[in-house]
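The values are calculated or read from the model by the stated rules, or taken from the named source; none is laboratory data. These numbers come from a predicted model, not from an experiment. Here the Cβ positions follow ideal geometry from the backbone for every residue, glycine too, while neighbour counts run over all protein chains shown.
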Protein chains: 6
Amino acid sequence: MTRSDGRKADQLRSVRMTRGWLDNAEGSVLVEFGRTRVLCAASVTEGVPRWRKGSGLGWVTAEYAMLPRSTNTRSDRESVKGRIGGRTHEISRLVGRSLRGVIDTAALGENTVMVDCDVLQADGGTRTAAITGAYVALQDAVGWMREHGTIGSGEVLGDSVSAVSVGVVDGEPLLDLNYDEDVRAETDMNVVMTGGGTFIEVQGTAEGVPFDRAELDALLDLAGAGCGELAELQKSALAS
Amino acid sequence: MTRSDGRKADQLRSVRMTRGWLDNAEGSVLVEFGRTRVLCAASVTEGVPRWRKGSGLGWVTAEYAMLPRSTNTRSDRESVKGRIGGRTHEISRLVGRSLRGVIDTAALGENTVMVDCDVLQADGGTRTAAITGAYVALQDAVGWMREHGTIGSGEVLGDSVSAVSVGVVDGEPLLDLNYDEDVRAETDMNVVMTGGGTFIEVQGTAEGVPFDRAELDALLDLAGAGCGELAELQKSALAS
Amino acid sequence: MTRSDGRKADQLRSVRMTRGWLDNAEGSVLVEFGRTRVLCAASVTEGVPRWRKGSGLGWVTAEYAMLPRSTNTRSDRESVKGRIGGRTHEISRLVGRSLRGVIDTAALGENTVMVDCDVLQADGGTRTAAITGAYVALQDAVGWMREHGTIGSGEVLGDSVSAVSVGVVDGEPLLDLNYDEDVRAETDMNVVMTGGGTFIEVQGTAEGVPFDRAELDALLDLAGAGCGELAELQKSALAS
Amino acid sequence: MTRSDGRKADQLRSVRMTRGWLDNAEGSVLVEFGRTRVLCAASVTEGVPRWRKGSGLGWVTAEYAMLPRSTNTRSDRESVKGRIGGRTHEISRLVGRSLRGVIDTAALGENTVMVDCDVLQADGGTRTAAITGAYVALQDAVGWMREHGTIGSGEVLGDSVSAVSVGVVDGEPLLDLNYDEDVRAETDMNVVMTGGGTFIEVQGTAEGVPFDRAELDALLDLAGAGCGELAELQKSALAS
Amino acid sequence: MTRSDGRKADQLRSVRMTRGWLDNAEGSVLVEFGRTRVLCAASVTEGVPRWRKGSGLGWVTAEYAMLPRSTNTRSDRESVKGRIGGRTHEISRLVGRSLRGVIDTAALGENTVMVDCDVLQADGGTRTAAITGAYVALQDAVGWMREHGTIGSGEVLGDSVSAVSVGVVDGEPLLDLNYDEDVRAETDMNVVMTGGGTFIEVQGTAEGVPFDRAELDALLDLAGAGCGELAELQKSALAS
Amino acid sequence: MTRSDGRKADQLRSVRMTRGWLDNAEGSVLVEFGRTRVLCAASVTEGVPRWRKGSGLGWVTAEYAMLPRSTNTRSDRESVKGRIGGRTHEISRLVGRSLRGVIDTAALGENTVMVDCDVLQADGGTRTAAITGAYVALQDAVGWMREHGTIGSGEVLGDSVSAVSVGVVDGEPLLDLNYDEDVRAETDMNVVMTGGGTFIEVQGTAEGVPFDRAELDALLDLAGAGCGELAELQKSALAS
């Protein structure tokens, strides 16, 4: 089977991470997975939310949102509607958990990093691109904190974290679905992994017919390889 | 290892499903997983949401919520706060997807079933209890529709659906976590399965350290057995 | 005249109060007036709202709400609509005032009791059932506070409080209207009384034609007898 | 006992009703009960709310609100807070019910009258002044409709409606409480009556100690006389 | 050209300012520009918003709103809609900036004056009437503060501020547009000026065709003369 | 005087307009005024808002928003706060009016163009950059409509529109203020002009001391020249 954009089943789209895309943020990355384009901005503030004060531990959280015309047809702004939708909430929480899966909050001290992931253009895989870019922005924010003496020189991020979507389309497991593939997928899975190859989050959903263990295993294999590649790309981006 | 409530690692809590708990709902079940108590009410209305009109297909959706004092310490009402939290949104969507995974919307015709899952008392596993109970309430609502001639005699629910939580506590995989176990779990997974043993949804999250494939496999095995038992319990409840 | 459920004009529906229905709440009662079923949960917290700090006085307040399918046809959730309706507001305030009518806030010290009254099934008289049950839950919460040393042994609740609805249906004054009677009532009155037989609140409304003093008097007589019976039932429930 | 403003116990404050205070409203009255000043504006629109369409019946409803500096100390605007408070809701509903108590919705045809009651200055009794003024504005709006041929010449308002507050202060029943008396009242009652002397609404609340039947009776007597006077004042205002 | 109300092109409507219209506000004015009627109430509170604390500077801000039936056809309440519209926001901000343009916040000390401008009747020029009246109310509030020792005797308001609308209707520049003129205007401008004849705010908008520099100049001349007259009227009102 | 970035008083920042920045929008431009970066996306939909139906006229409107970390320190999202701030409302309305100032809505037919202006990075002049870019995006959307036969070949945009900020800093009038200049400006003015040199909107505000006619004139001259340059840059961008 050939995919509409000519990729092989186990091939990522072209991935680009442009660091320092914003002049003011402590860390920022424009991450692109093919035509999907997400701006990740990490903001450092002293102090932690009230419920965490005095713990000596830092806090990392995230907010995800889509620009109204990031999609094929325009969506109404959540600010205008006056409420955040369930999908937005769900993804914001997922990004936050993913980052907290690799950060040592004790080493962070009582500081907060908020990572904003704003989707400028959406072509499938926006949440996985967001997580992948957010890690790089967070790494840069940690670097900024170290330079500014906010934190010491100890290890803050024990491992990297990246994410990729996998899915079964026309019976075939595919890596890194674009929007057209995503809407046709029978099963859709988002996998968040560390650079070391362990799982932080696995979310698989049967869109049409339920899936069996063999399909699940095939998808996890595909995702494992994809996250491995993304971890390398993150390393290169951070080295440059 | 003995669990605080004396259960074995692969043992469900005592599960009860009381059908017809409400006099007016087309289907209703009070489902209990140990001390967790969720009231599931299925409401049938003619017609479907606007975006689905004219499709000939029905719609099933769900709303999940917790009473303010279902928990150890009281939580503020979302109605008073004026907005629904991310967790509530997330679980409502999960319950809806789970039910849509087994329903034949063509057989349902252009009718809507809304299943409300209100947690009266929470002791861990509220979302999995909600899904398990919601299926029974939905089955009763389908029965009601058949009796009232809203739908024909064709198969509407091709299979049953149930859900269970599993997690790793102190290194050991456990089935059906209660609240105390849930807060101590290193990995937490919710698994939604059909009566036939296939997956509708798998959501695993590393709460502390990331998990590896072996742990994931052990948890899926445990969940598979648990959902099998729940499917039997649903069958008995519906037979009575 | 015979009522649809066979009761006499001055007869209460079957009233049940199940104490300790929740495991965690400091006081909780499932109160039933016939098919009307309200879960009352009293939550104790140290401290009082800001405007009352330093007064040495405690605070008792209440929130009333209906589950979406407590009614014949499903109502939308107020949390989803993002705003609380006028009726909900009105009843929450009424329940709070009723409880404050019998509590000695000085004896309570600077502690707050919040009583949540959630209607699980509605068949008329939900606000009066809520008040009647809330008093019992509050009494249990006061007992809990005494056991835990939050308050001393002094009298906190000087009297009991209960409530009942009365109305004129087809020209005849009836006690404790169910839903069908309520919609047909020309005049509808909710009366909140102490165990000692004095009034805390009287709310009478002409639904159709205005009522005269004689009708008002007849309704007050009926309500007085009904509240007297309810006070006895509360006493028994608290004694058991 | 002499009241702070020199009135006798059974004496109304000086009442003024200025009709046509607004140039555009179909009916408008600036009503003053002493220093309490409420602007009542009746707006006529063709058609009725959706749930009433096709019934042949009209609809009358009301909205009550206070200007932020109508009170001694400024209150925040409900529009800025983004939600309407319970008291506002409660009074809006009361005013609407009071007007519906005297209107023949069949004679009104499928037209809607919305009466806005905005408190410009508050010195106690704002809700009763609002009802009293709203009736006059409604009468003028009905006149406007008749002139413009929106309705026929049949009787639309079968009777007048007015309201007054009564309360027990220092053990003495007083008519038409001003703000200072209101805060000191042990019992506070709002009574809505027709010109014919029957009741549309009776709302009595024990602010401090519960009240007994004798007090209730005394208050009702006082209110009956007060409403009788107000009905005369309305008649004069409408005649001028 | 004769204007519909007989005025000359450069003539203000009849302007009235009734000071002390409210009994409780520290300053209050009912300002009328023809049929436009705005109630301005200045409320003094000790302290300043959090972001200004410790600065030694005071704060002046304003809120503008329209009663629902101030207009020809009734508008829905923003409190009921749950959100403030853009126009309301815009004008509130304009009034606040205008007042801050003439106040010496150091002389005010850490006190806040909030000026509420509520439009009771709207016939064009509500925002300019609001600014003109708000200044007088503010002046009275400053007087109140001086009398009560909240501030010293130093100059707090260095100059007066007033505002007027101007516009081009049928090619002719007109001063102080009423509603009918306003809807027909090709260009609409609001000008806020000090008593000394300098500008605090100039807001010109082409409603139909864009305007050129000559038109702009003509409008500014007209506005300058109008604000001069208003400054005199303010002076007289404050002297009385 | 030299400006912090070396510009002359009457010199624009480096302006870039990148057309087609989004793959799906009918028109899109990333506009940069120095470090200020705004993404303008024009979305075409058939039909017009309800109040405009049947008029034969089209509609153009705009929404402006800032990403949370477009600024030096992060701002909270308006979607999370649940309400849109006054400044956002004000600027959205300004952009919409500016575009409507040059469009022939009859030639547009009953179609709507919504232009979203999202500030990715803010360094002063975001609203003027938004207007300048929005015009180019709108022109592209009009081209798209023409190609797709949505509209005929007639002139839709009679002229171009651009905007620039001007202000007095340390007594000197400056063109196109960046953020540091903006916060220091005594007077701040935003001017929206057509390519033909006429005005669509003039908004001048005294931030500190009021300004006189001479300053106003100097600022208008400066803005006229700046908008002239911007009109040329728009022409070049649209020609490429």
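A few points about this structure:
The rows are residues; the columns are (1) among the hydrophobic types (A, V, I, L, M, F, W, C); (2) touching a strand residue (DSSP E or B) at 6+ places or on another chain (Cβ under 7 Å).
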site: F:Thr194; (1), (2): no, yes
site: F:Glu207; (1), (2): no, yes
site: F:Phe211; (1), (2): yes, yes
site: F:Asp217; (1), (2): no, no
site: F:Ala223; (1), (2): yes, yes
site: F:Gly226; (1), (2): no, yes
site: F:Glu229; (1), (2): no, no
site: F:Gln234; (1), (2): no, yes
site: F:Leu238; (1), (2): yes, no
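- Only one entry in F:Glu201, F:Glu207 is surrounded by 17 or more Cβ atoms within 10 Å (Cβ to Cβ), in contact with a Ser or Thr (Cβ under 7 Å, 6 or more places away or on another chain) and at pLDDT below 95, namely F:Glu207.
- Of note, C:Asp23 satisfies the criterion of being touching a Lys or Arg at 6+ places or on another chain (Cβ under 9 Å), farther than 22 Å from C:Leu177 by Cα, more than 14 Å from chain D (Cβ to nearest Cβ) and assigned to a loop (DSSP other than H, G, I, E, B).
- If the condition is being of a type outside the set (Val, Ile, Thr) and more than 21 Å from the chain's Cα centre (by Cα), then the stretch D:145-172 contributes D:Met145, D:Arg146, D:Glu147, D:His148, D:Gly149, D:Gly152, D:Ser153, D:Gly154, D:Glu155, D:Asp170, D:Gly171, D:Glu172.
- Sub-8 Å Cβ pairs linking a first residue in the stretch E:31-57 that is without any contact (Cβ under 8 Å) to a residue 40 or more places away in the chain to a second residue that is assigned to a loop (DSSP other than H, G, I, E, B) and crowded, with 21+ Cβ neighbours inside 10 Å, at least 6 apart or interchain, number zero.
- Matching residues in the stretch A:35-73 - criterion: being β-branched (Val, Ile, Thr), in a loop (DSSP other than H, G, I, E, B) and buried (at least 17 other Cβ atoms within 10 Å of the Cβ): A:Val48, A:Thr71
- Within the stretch A:11-30, the residues that satisfy the criterion of being in contact (Cβ under 8 Å) with a residue 60 or more places away in the chain and either of a type in the set (Phe, Trp, Tyr) or crowded, with 17+ Cβ neighbours inside 10 Å (or both) are A:Leu12, A:Arg13, A:Val15, A:Met17, A:Arg19, A:Ala25, A:Glu26, A:Gly27, A:Ser28, A:Val29, A:Leu30.
- Candidates are the residues of the stretch D:109-132 that are assigned to a loop (DSSP other than H, G, I, E, B) and either of a type in the set (D, E, K, R) or within 10 Å of chain E (Cβ to nearest Cβ) (or both); the one that is surrounded by the most Cβ atoms within 10 Å (Cβ to Cβ) is D:Asp123.
- Under the condition of being under 24 Å from E:Val161 (Cβ atoms) and out of contact with any helix residue (DSSP H, G or I) (no Cβ under 9 Å at 6 or more places or on another chain), the residues counted in the stretch E:69-95 number 0.
- In the stretch F:130-180, the qualifying residues are those that are free of Cβ contacts under 8 Å to residues at least 60 places away in the same chain and of a type in the set (A, V, I, L, M), and the one that is nearest to F:Glu232 (Cα to Cα) is F:Leu157.
- Residues in the stretch D:2-20 that are within 23 Å of D:Gly228 (Cβ to Cβ) and either in a loop (DSSP other than H, G, I, E, B) or aromatic (Phe, Trp, Tyr) (or both): D:Arg3, D:Asp5, D:Gly6, D:Arg7, D:Lys8, D:Ala9, D:Asp10, D:Gln11, D:Leu12, D:Arg13, D:Ser14.
- Positions within the stretch B:62-75 being of a type outside the set (A, V, I, L, M, F, W, C) and within 14 Å of chain A (Cβ to nearest Cβ), in sequence order: B:Glu63, B:Tyr64, B:Thr73, B:Ser75
- Checked against the criterion of being under 26 Å from C:Glu63 (Cα atoms), assigned to a loop (DSSP other than H, G, I, E, B) and not charged (D, E, K, R), the candidates D:Ile91, D:Ile84 yield just one match: D:Ile84.
- Residues of the stretch D:1-19 satisfying the condition of being out of contact with any strand residue (DSSP E or B) (no Cβ under 6 Å at 6 or more places or on another chain) and not acidic (Asp, Glu): D:Thr2, D:Arg3, D:Ser4, D:Gly6, D:Arg7, D:Lys8, D:Gln11, D:Leu12, D:Ser14
- All positions within the stretch C:151-183 that are more than 17 Å from C:Ala225 (Cα to Cα) and surrounded by fewer than 17 Cβ atoms within 10 Å (Cβ to Cβ): C:Gly152, C:Ser153, C:Gly154, C:Glu155, C:Gly158, C:Asp170, C:Gly171, C:Asp180, C:Val183
- Filter result (more than 8 Å from every other protein chain (Cβ to nearest Cβ) and in contact (Cβ under 8 Å) with a residue 40 or more places away in the chain) within the stretch C:84-101: C:Leu94, C:Ser98, C:Leu99, C:Arg100
- The one condition from (1) within 12 Å of chain C (Cβ to nearest Cβ); (2) under 25 Å from E:Ala41 (Cα atoms) that D:Ser79 does not meet is (1).
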